Amino acid sequence: MTDRDIRPHINYALVEDTRPPMYTAMKYWGKKPHNIWNRFIERYCPPNGTVLDPFAGSAIAAFEAVKINRKAIAFDLNPLTAFIIETLTSKFDEAAFIDAFGKIESIISKDPVYIQHYTREYKGQKGVVFNYRWLSGKVVELAVEIPSGKKTKTGTPQKGKRHFLNAADSDKKKAKEMKSLAIPYWYPADKFPDTPTITHKFIADAEGNGFQYLWTRRNLYLLSRIFDEILRQKNEDIRLQLLFGFIQTLHLTSKMVVPRHQTAKRDFSGSWGRADYLIRRRQMEQNPLVIFRRSCTDKQGVISALCDAKTSLPKKLKVFDFNKSKRIHPTANLTYGILDIADLSRYISDKSVDFIITDPPYAGLVPYLDLSLVWLVWLQKIDKKYLPDIQSEITIKKGQIGREEYRRRLQNAFKQLHRVLKDDGYIVITFHHKKLQEWNDFVHAVRLAGFKFDKVTHQYNRRSGESNVANPYGTSGADFYIRCVKHRDVDFSDDRSGLNHFIVQKAIEIIAQRNESTPYDSIIAWLIPEMLQAGYVQPKEYQDEILRVLSDNAGKGKIFKTWQNKDSKSGDYWWFMNPGQFINFPDRPLQDRLEEAVLSILRRKVSVKLDDILGELFQTYPNGLTPDPKGVKNVLEKYAYRSAGNWKIKDVTIKSITQHSEIIRQLISIGKRAGFSVFVGEREQPEVIQNGTTLRDMANLLTLAPLRKLYDPRQIERIEMIDVVWLSHQDNYIECIFEVENSTGFTSAIVRGSNIEKHTPKFMVVPKSREKELRSIRDPLFLTSFRENNWQYTTYENIGRLEGYSSPSIDEVLRGSKSL
Ligand SMILES: C[S@@+](CC[C@H](N)C(=O)[O-])C[C@H]1O[C@@H](n2cnc3c(N)ncnc32)[C@H](O)[C@@H]1O
């Protein structure tokens with residue numbers, strides 16, 4: 001057995017790290033978390049082995065592979081991938097770059113067009129126009145900075161005084177006049193391609209059919225002049241690096257830019273909001289020189305990226321351009337190229353790749369090549385290799401590439417991957433799409449190729465992946481990491497009834513595991529990867545299928561009941577008609593478990609980072625039970641406060657824990673004096689009350705083993721989670737129970753209590769401040785259980801009073817209690 005075989009699999013979600021500068025400088029849609037990919041590569045590819053990413057995009061897999069001594073092959077149909085790799089692995093001389101940039105900056109800042117349009121007087125001072133705001137085709141405002149005159153060491157001017165002005169007549173006049181500006185420099189004059197991504201409306205809004213109309217005339221002038229200056233650079237590395245900064249400038253100075261937040265009216269920067277070609281009513285025309293400077297010298301600019309690449313990539317990296325000789329160089333560390341995956345196995349030998357990690361296109365969610373044309377049309381002037389083969393993209397385009405064709409291409413892609421992967425090699429594919437139909441196509445393609453689903457993990461993304469760029473849906477910003485192995489020994493059943501059975505059984509499992517009424521979206525988020533893993537999901541079925549199957553099993557006399565979810569938009573609540581039939585071993589509901597886990601981490605670690613908490617929780621609660629980081633944050637905000645980037649437990653939380661233990665102490669003392677034998681819950685036993693005394697020291701009983709004749713072992717396990725149990729003097733039956741609910745939900749008490757005979761008195765002890773909350777519960781399920789199981793509630797004050805009684809009793813407790 002190799003080392004690779006014995007190391008534990010990655011079967012749980014990992015926590016995403018902050019992206020280093022080499023991955024932030026270039027815009028690309030669907031960038032993946034580098035540290036997580038690194039972990040997968042490290043685990044599933046042996047040292048010196050070969051990792052392939054055939055849909056490489058911004059090439060994160062390749063860079064992460066070479067960082068840890070693996071060979072990488074990075075292909076993409078998009079020539080931009082080659083450009084990114086060439087730039088980030090080019091020789092970087094920071095001083096020479098700053099010098100070259102400075103020269104261009106100086107030339108542009110003296111250009112008469114620049115001076116006329118992007119400098120301006122404000123209250124007698126000379127200012128730089130950072131941007132013009134347009135509303136419905138008219139300049140209405142502008143942002144002006146009065147320079148401080150000071151520069152940082154990279155040549156970036158230090159921030160000056162910033163002002164927002166209403167556009168004056170002179171500004172409006174300039175905006176009109178610029179339309180007839182002559183441009184003596186080269187710029188791309190190509191017409192827009194015939195693609196549904198570029199609509200007639202867009203062409204009308206841009207006021208012309210051609211890439212030149214993506215920019216206002218003055219911006220086109222300045223961009224073409226900057227480009228012209230870059231092309232004059234003799235040093236090829238510096239030229240490439242300047243082009244990298246230029247590429248970032250292109251989209252950020254186009255008409256597609258919107259102010260960063262609709263509300264941040266006064267913000268000095270804008271963005272290319274969504275992955276589409278769209279000119280909005282409210283636009284921001286940004287100063288090309290300012291943006292070029294930011295793209296070169298800012299924190300997320302070329303200098304930072306190249307310095308980072310220089311330090312984090314191995315020193316002697318052999319990088320090989322596949323397109324030069326159409327072969328994989330055996331000794332290269334990184335082979336990159338522009339390649340349609342359909343041709344992959346023509347160039348990569350069968351069974352030669354150790355590991356594949358890839359993020360395929362998800363139907364037509366992001367039109368990668370169409371969007372990249374904003375950059376590629378300029379790069380084509382330097383090298384024809386930047387002309388993309390748009391026809392071969394794996395996507396769906398209305399009127400051009402239909403679903404059948406998309407399926408065919410996707411299936412062929414996975415077949416290619418199957419061929420080149422070594423026997424028993426692993427492939428990890430990230431995938432997410434709201435529509436089940438997309439899952440079907442995807443799963444079918446993977447299955448047909450002969451891969452076996454090995455494990456699916458659910459991974460929350462911290463920032464936009466392809467899925468949440470274009471489609472902010474239910475299980476937001478989450479990807480599935482689908483790990484498959486090459487050999488095929490799974491029975492991919494096509495039996496419809498088998499599928500139905502599977503859906504119902506899995507839905508039962510998830511609701512029972514969560515042990516709380518579960519929103520439909522949560523069932524789906526868990527069910528789909530399970531179906532994948534089992535090799536299910538039929539291509540002809542649509543997303544209604546799961547709902548149909550589940551609905552067939554809901555209603556009177558059936559398995560499930562549903563009701564409207566008024567708390568969130570994640571679909572109706574699903575629960576059991578007869579919970580006892582499925583919840584044999586009631587545990588606490590997911591939310592309570594989550595709260596408890598977070599609290600326990602906070603208490604253990606004193607000061608802790610969110611990432612560390614998530615890391616621990618993701619391991620404890622895999623897949624459908626993986627907590628949404630937002631939920632975790634809510635819990636943290638409840639119990640902790642933030643200090644220097646860490647979370648620390650609040651004083652009130654500590655007080656509340658102390659109070660909880662104090663009430664339990666009182667209940668032990670009262671119970672003993674009332675002549676009972678007292679048991680304290682397993683979780684509460686280690687709590688310290690005073691002078692090192694624990695609740696364990698006070699209780700008569702630390703296990704409920706004496707009740708073995710009355711309850712089965714699993715029931716005993718659950719009853720041992722109850723806060724306080726008063727038992728008959730001989731320890732042979734339960735007289736009454738208490739659950740002290742200081743802050744967590746009330747439901748779990750009910751669930752635990754349901755293990756005990758209905759007639760046994762059960763008390764929920766709450767602080768006075770929670771009485772209203774408890775009384776306002778309307779959930780019929782909760783109320784019925786409460787009443788039918790002989791529950792009452794009482795307050796801390798009442799228990800405190802009882803402590804003073806010389807001979808307390810259950811009747812005394814009852815006297816101070818109320819029903820719901
Ligand atoms: C989801 S993106 C990958 C993004 C990448 N994970 C990253 O971190 O940047 C999918 C990629 O598939 C590429 N692609 C689409 N059709 C292709 C084909 N036929 N052959 C190779 N690559 C293709 C697109 O250009 C795009 O870069």
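Data for the structure
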quantity: Extension gain (nm, one decimal) between D651 and K103, 0.36 nm per residue minus Cα-Cα; calculated: 191.5 nm
quantity: Whole-number D in µm²/s for the stretch 114-197 (Stokes-Einstein; Kirkwood sum over Cα pairs; 10 °C, 1.306 mPa s); calculated: 104 µm²/s
quantity: Packing-based ranking, highest mean first, of 593-602, 684-693 given that Cβ atoms within 10 Å are counted; calculated: 593-602, 684-693
quantity: Stokes-Einstein translational diffusion, the stretch 7-82 - Kirkwood Rh over all Cα pairs, 1.567 mPa s, 4 °C, in µm²/s; calculated: 100 µm²/s
quantity: Cα-based helix-to-principal-axis angle, 496-514 vs the chain, degrees rounded to 10; calculated: 70 degrees
quantity: Hits among lysines - C-alpha to C-alpha of K151 under 22 Å, sequence gap 8 or more where chains match; calculated: K103, K110, K126, K159, K161, K299
quantity: Point-to-point label distance, E509-I777, nm (Cα→Cβ direction, 7 Å offset); calculated: 3.0 nm
quantity: Three-way shape label, the stretch 377-437, alpha-carbon gyration tensor, a/c 1.5; calculated: oblate
quantity: Too-long pairs where the Cα-Cα distance tops 28 Å, listed order kept, from K27/K605; K234/K385; K452/K506; K310/K415; calculated: K27/K605; K310/K415
quantity: Most to least packed among 799-810, 222-233, 710-721 [average Cβ atoms within 10 Å]; calculated: 222-233, 710-721, 799-810
quantity: Isotropically averaged projected area of the stretch 624-744, using the convex hull of Cα atoms (one quarter of hull area), nm²; calculated: 9.7 nm²
quantity: Charge tally in the Cβ shell below 12 Å around R696, where Lys, Arg are +1 and Asp, Glu are -1, R696 excluded; calculated: -2
quantity: Between helix 94-110 and the chain: long-axis angle, C-alpha atoms, 0 to 90°, nearest 10; calculated: 60 degrees
quantity: √(5λ) per eigenvalue of the Cα gyration tensor, the stretch 337-417, largest first, Å; calculated: 23, 19, 11
quantity: Sequence-distant aspartates and glutamates (8 or more away, or on other chains) whose Cα lies within less than 19 Å of K174; calculated: D111, E121, E141, E145, E207, E285
quantity: Partner aspartates and glutamates for K422 [C-alpha distance under 19 Å; skip if fewer than 8 residues away on the same chain]; calculated: D3, D5, E42, D53, D343, D350, D354, D454, D489
quantity: Projected label distance in nm at E803 and R260, using a 7 Å step from Cα toward the beta-carbon; calculated: 5.3 nm
quantity: Normalised convex hull volume, the stretch 298-338, alpha-carbon set, Å³ per residue; calculated: 80 Å³
quantity: Cα shape, the stretch 749-803, gyration tensor, a/c 1.5 rule; calculated: oblate
quantity: Order by protection proxy (mean Cβ within 10 Å, highest first), peptides 175-183, 558-566, 327-335; calculated: 327-335, 558-566, 175-183
quantity: Percent antiparallel among DSSP beta bridges (both partners in the chain, rounded to 5); calculated: 70 percent
quantity: Where Rh is the Kirkwood radius over Cα pairs, Rg/Rh for the chain; calculated: 1.05
quantity: Square roots of 5 times each gyration tensor eigenvalue, C-alpha, the stretch 34-73, largest first, Å; calculated: 14, 11, 8
quantity: Value of relative contact order over the stretch 1-115, rounded to a whole percent, pairs C-alpha under 8 Å and six or more apart; calculated: 19 percent
quantity: Relative contact order of the chain, defined on C-alpha pairs under 8 angstrom at six or more residues apart (%); calculated: 10 percent
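Laboratory data are not the source of any read-out in this text; all were calculated from the coordinates shown. This structure is a prediction, so every number in the text was calculated from the model and none was measured. Every residue, glycine as well, gets a Cβ built from its backbone with ideal geometry; the counts of neighbours run over all protein chains shown.
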